[in-house]
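Presented below is the structure to which this report refers.
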Amino acid sequence: MSRIAVFFATAALCALSAQQHDLLLKGGHLIDPKNNIDARMDIAVRGGRVSAVAANIPASSSRRTLDVTGLYITPGIIDIHAHVYYTPGNKDAWAGDNSIQPDTLSFRTGVTTMVDAGSSGWRNFENFRHTVIDRADTRILALINIAGFGMITDITEQKDFDPKAVAALAAKHKDVVVGVKSAHYRQPDWQSVDLAVEAGRLANIPIMVDFGYFLPQRPYYELVTKHLRPGDISTHMFRGPVPWIGPDGKLYPYLHEARKRGVIFDVGHGGGSFVMRNAVPTLAQGFYPDTISTDLHTGSMNAGMQDMPTTMSKMLVMGMPLKEVIRASTWKPAQVIKRTELGHLTVGAFADIAGFNLQNGAFGYTDAYGARLEGKQRLVCELTLKNGRISWNWNGRGGDDYRKLSPTYGIREEFDHILPPK
């Protein structure tokens, strides 16, 4: 080999070795609440993990660079309340036709982690794991329903409670089980809630309660001030029957008491669990949700809820600061479900990343009952990475200029014979 050839080969190897990153997101505004970052930052990825975060990372240090100028870059969104046990045959059930296939909506909305909120119970959880959790590209975590068959119908959630069975499954599947669910209970006692708490105690995991039916024998204020433990979750916080605003126009004191105790208030928008008349004055008084979630299912996604960016946008236009909206959709839910390896972009963390375009204009939002609120901003997801791989590329930022590619790109080798003779 000539000296010139050796020189160029050595230079090429040096340049390659200098490229210590696989992918570089350059020019975006990073909001990473765990690390208290709210500034223009570049993010580099290598081997599916965050490899660098800095104000100006040279493009030459990465094999590939994406220009994300104009986007807010955040950790991958964690939807703490979704329904994805899409087993066929159970009509009008959250453990059935009402659930969605997670990958059909997750990445296009910036969501990289979904928590199924009790669609399956301790009798059918392992079927859920085999048929959905282990097959999805979306990271699926789960709450096990305290009722044996979960959400096949409301009837199945009225009995068949077994805290020890739930705790045993949680221990066996600790890599994906993050909590216990009590939902849709119709009886005048506290059995469903209290036995879910017992399961949570045995497994050392939080519980989430969908209070379901509001009865005078078990008022909501007793749920959050007496029955739930610190770290337990009250979802559907803005549901119509929840008492929020007193005759004096101020929040009822029991809400501050519950928050002081450490109870988590979760949005859980859903198809019937979010009303503007509760949410707007509550946020106006600075009582923000701890976690923002969708209660995603086929009904809510095709109604007022729509998706996670829309739900986040509602909180934003009601007065919740953008950084707090991102916190309640990333780092806080990670803390609540005790998965603190998620929800942030610390060097070494999973490269789960979302890129949002914060649009300004005239937008309309509806609640679960058709009430409308106008706002001037809306979050739109343009880019999602799961473990460093581009999973959603709405505006083509992850693509290459076709004019710079090979003249025969897009033709596999076995089809070379289709080209005309020279």
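The values are calculated or read from the model by the stated rules, or taken from the named source; none is laboratory data. Just so you know, these numbers come straight off a predicted model, no measurement behind them. Cβ placement follows ideal geometry from the backbone for every residue including glycine, while neighbour counts extend to all protein chains displayed. With ligands, DNA and RNA removed, areas are computed over all heavy atoms of the protein, side chains included. Shrake-Rupley method; radii C 1.70, N 1.55, O 1.52, S 1.80 Å.
Here are the numbers for this structure:
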item	result
Per-pair calculated FRET efficiency, R0 = 25 Å: Ala55 and Leu358 via Cβ, rounded to 0.05	0.75
Carbon and sulfur %, accessible surface of the chain computed with the full protein complex present, 1.4 Å	54
Relative contact order of the range 227-343, pairs being alpha-carbon contacts under 8 Å that are 6 or more residues apart, as %	24
Angstrom value of the Kirkwood radius, inverse mean 1/r, which spans all Cα pairs in the range 298-367	13.8
Pairs of alpha carbons in the range 350-410 whose separation is greater than 14 Å (percent)	70
Cα-derived Rg over Rh, computed across the chain with Rh taken as Kirkwood radius	1.05
Neighbourhood charge, 15 Å Cβ-Cβ cut-off, centred on Arg372 and excluding it, Lys, Arg +1 and Asp, Glu -1	+2
Neighbour cut-off at most 13 other Cβ (10 Å), DSSP loop, trypsin sites (Lys or Arg not before Pro), the range 91-183	Lys91, Arg135, Lys159, Lys174
Probe 1.4 Å, protein heavy atoms only - accessible area per residue of the range 172-246 in square angstrom	37
Relative contact order (%) - the chain, alpha-carbon pairs under 8 angstrom, separation at least six	17
Cleavage-rule hits (trypsin sites (Lys or Arg not before Pro)) in the range 39-83: DSSP loop, at most 12 neighbouring Cβ within 10 angstrom	Arg63
DSSP H segments from the chain that extend 15 Å or more along their own axis, Cα-based, with Kyte-Doolittle mean of -0.5 or above	3-18, 191-203
Among Phe287, Phe265, Phe149: highest mean-square fluctuation, GNM of the chain, C-alpha pairs under 10 Å	Phe287
Separation of alpha-carbon centers, the range 325-353 and the range 203-232, rounded to whole Å	25
Cleavage-rule hits, trypsin sites (Lys or Arg not before Pro), the range 297-373, DSSP coil, Cβ neighbours within 10 Å at most 15	Lys338
Fraction of antiparallel bridges per DSSP, the range 83-181 only, in percent to nearest 5	10
Relative compactness, the range 290-422, computed as alpha-carbon Rg over 2.2 N^0.38 Å	1.45
Rh (Kirkwood; distinct C-alpha pairs) - the range 253-323, Å	12.7
Reduced Cα scattering model of the range 74-148, Debye log10 I(q)/I(0), q = 0.14 Å⁻¹	-0.39
Estimated distance in nm for a label pair at His256 and Lys226, the labels positioned 7 Å out from Cα along Cα-to-Cβ	2.2
Rounded if a/c under 1.5, otherwise prolate or oblate - the range 18-83, Cα gyration tensor axes	prolate
Rel. contact order, % - alpha carbon contacts under 8 angstrom, at least six apart, the range 106-188	31
Fluctuation leader among Ser106, Ser293, Ser60 - the chain, Gaussian network, Cα springs under 10 angstrom	Ser60
Length gained when the stretch Arg389-Arg135 is fully extended (0.36 nm per residue, less Cα-Cα span)	89.7 nm
Potential extension, Arg403-Glu341 segment - 0.36 nm per residue separation minus Cα distance	18.3 nm
Alpha carbon Rg of the range 60-203, scaled by the compact-globule rule 2.2 N^0.38 Å	1.20
Listed residues Pro281, Pro58, Pro247, most fluctuating in the chain (Gaussian network, C-alpha, under 10 Å)	Pro247
Dimensions (Å) - the range 156-249, Cα atoms, principal axes, largest first	50, 24, 19
Kirkwood Rh and Cα Rg combined as Rg/Rh, the range 164-211	0.99
Counting DSSP beta bridges with both ends in the chain, the antiparallel % (nearest 5)	55
Share antiparallel - DSSP beta bridges, the range 20-88, percent rounded to 5	65
In order through the range 392-398: 3J(HN,Hα) via Karplus (6.51 cos²θ - 1.76 cosθ + 1.60), integer Hz, x for Gly, Pro	8, 9, 4, 9, x, 5, x
